Amino acid sequence: MDIRSNVLRQLKNRRQGFSLEQPFYTDPDYFKLDMELLYYRDWLFIGHDCEVPRAGNYFTVQVGEYPVVIVRGRDNQIRAFHNSCRHRGSRVCTSDRGSSAKLVCPYHQWTYELDGSLLFARHMAEDFDKSQFGLKPAHCESVAGYIFICLAKNAPDFAPVRNSIEPYMKPHRIGEAKIAFQSTIIEKGNWKLVWENNRECYHCAANHPELCRTFPEAPTVSGVQGAFDDPVIAEHWSRCERAGLPSEFKISPDGQFRTARMPLIEGAESYTMSGQRAVKRPLSDDVTVSHIGTMLLFHYPTTWNHMLGDHAISFRVLPIGPNETAVTTKWIVHKDAVEGVDYNLDELTHVWTETNDQDRRIVEENAFGIHSPAYEPGPYSEADEGGVMQFVEWYSNFMINRLQGDQAKLSVVA
């Protein structure tokens, strides 16, 4: 039985409410299929508009086998290109980020405009047509300061994502903010384990003392279990909605992305050890009410986010291999906020720096145990792990649909 047929069979026959079978977390062929069907064919959060504020600003990222560069053009449009020279394939932009009037390949100096068109190539034949050798574009969309890309030839419609999440994000004005700090950690575990750990707080009390000073452990805060029946959340939504901040839980029909504005522990305004604001200057001049909690944005498979009154935090999940995942965290503040005056960097980053490292250790121990020949799928807690079950359900349905869709296309061609 080939790998696709085997994965399809296992997903269709999986036990509801239980973790996945071992190969989904460990096997290189299963990982390769995840990349081919999901990361290479769907929309991925990749960064922020404010990382490329001016024409010529760029940053690079590696998505599986694909090096990609994100650049702002002279027309102010943000574009994504495959970071591979059309001459002999060398990376054109080799730095993590930078600024350049043109994109110049360091190998043979083929030179590209910021819109990707080839401007100059030395010593080529007289009939060489530069117009046929521009950088290959990737689909790129910006919504409320968040940049999404898609590597597929034909991208899924982005409009449902934009229409759903933009009203929740827009008041925070992320596109006009700035990155105060960012970090990337490598977690030695499968990307799905990273997500499963994120989707529950069943583990929080025993593992996250810093986070638990402000973030409630209640499963209703995930927005999946019983949020509409929680009077504290209902009152929070009502107060924020009256202030012009969309807040009520909203999820896409397929469960891939969702938003909700959730309260922190009573009296807390930010993710700090004191619960007080980490940044004196509000993140957005459009948010005039205090104690707005955190606006949660989730979009599988690449991002979860927290948008507070004083700052925002974005998280990006990119698989490196079947047992390695890069998690990049960015702390975002008002563009005019000054370090040492409006905020102390250690206070701003402490809670999530500690929490990220704690989660890294948790994921790695989880991965260690799953590699055991004795591992078998175990039951999730219905009371506390509804978010995990929702993620696994989404993943399973997504992969089943893609695999069956591919099978149908192959049968038509045959």
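Read-outs throughout are calculated quantities, based only on the coordinates presented, and are distinct from any laboratory measurement. Note that the coordinates shown come from a computational prediction; the quantities given were computed from them, not determined experimentally. Cβ coordinates were reconstructed from backbone atoms using ideal geometry, including for glycine residues, and neighbour counts include every protein chain displayed.
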Connecting every pair of Cα atoms under 10 Å apart in the chain and solving the GNM, the largest mean-square fluctuation among F31, F298, F133 falls on F133
Can you pull out the cysteines in the chain that have no other Cys Cβ under 4.7 Å? C50, C93, C140, C150, C212, C240
Specify which residue in the list G321, A268, G116 is farthest towards the positive end of the charge dipole of the chain, using unit charges on the beta carbon of Lys, Arg (+1) and Asp, Glu (-1), about the Cα centre. G116
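Would you please calculate the Kirkwood hydrodynamic radius of segment 1-101 over all C-alpha pairs and express it in Å, rounded to one decimal?
Answer for segment 1-101: a Kirkwood hydrodynamic radius of 16.4 Å.
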Cβ under 13 Å from L296's Cβ, L296 left aside: what net charge do those residues give with Lys, Arg +1 and Asp, Glu -1? +3
Compute the FRET efficiency between T184 and Q77 as 1/(1 + (r/R0)^6), taking r as their Cβ-Cβ distance and R0 = 35 Å, and round to the nearest 0.05. 0.85
Which net charge results when you count Lys and Arg as +1 and Asp and Glu as -1 among the other residues whose beta-carbon is under 13 Å from that of W195? -4
At q = 0.16 Å⁻¹, what log₁₀ I(q)/I(0) does segment 233-290 have when each alpha carbon counts as one equal point scatterer in the Debye sum? -0.63
Contour minus Cα-Cα span, S252 to A234, at 0.36 nm per residue, comes to 4.4 nm
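In the chain, which whole DSSP H runs stretch at least 18 Å along their own axis (Cα) and average 0.0 or higher on the Kyte-Doolittle scale?
On the way: long enough: 345-370 (37 Å, -0.81); 386-413 (40 Å, 0.08).
Membrane-span-like by this criterion, though nothing is claimed about a membrane: 386-413.
To the nearest 0.05, how large is the calculated FRET efficiency for Y375 and I400 if R₀ is 22 Å and r is the Cβ-Cβ distance? Mind dumping the intermediate values first?
Values: r = 23 Å, r/R0 = 1.04.
Step by step, r from the Cβ atoms, then E = 0.45.
Less than 14 Å Cβ to Cβ from G89, Lys/Arg counted +1 and Asp/Glu -1: what total charge do the surrounding residues give?
With Lys, Arg at +1 and Asp, Glu at -1, the net is +3.
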Mean residue ellipticity at 222 nm from the helices of the chain, using -39,500 (n - 2.57) per DSSP H segment of n ≥ 4 over the full residue count, to the nearest 500 deg cm²/dmol? -8500 deg cm²/dmol
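Expressed in nm to one decimal, what extension gain is obtained for the pair A243 and E339 from 0.36 nm per residue of sequence separation less their Cα-Cα distance? Before the final figure, lay out the partial values.
Details: separation 96, 0.36 × 96 = 34.56 nm, distance 2.90 nm.
Gain on stretching A243 to E339: 31.7 nm.
For segment 44-155, what number results from the quotient of the Cα radius of gyration and 2.2 N^0.38 Å? Don't skip to the answer; put the middle values down first.
On the way: Rg = 13.6 Å, N = 112, 2.2 N^0.38 = 13.2 Å.
Expressed relative to 2.2 N^0.38 Å, the Cα Rg reads 1.03.
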Distant-in-sequence amide H partners of A278 (H built 1.01 Å from N, under 5 Å): none
Gained length - E65 relative to R361, 0.36 nm times residue gap less alpha-carbon distance: 103.9 nm
If one builds a Gaussian network model of the chain from Cα atoms under 10 Å apart, the most fluctuating residue listed among K12, K280, K250 is K12
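Report, please, the projected area of segment 163-370 averaged over directions, based on the convex hull of its C-alpha atoms, in nm². Don't skip to the answer; put the middle values down first.
Details: hull surface 44.9 nm².
Averaged projected hull area, Cα only: 11.2 nm².
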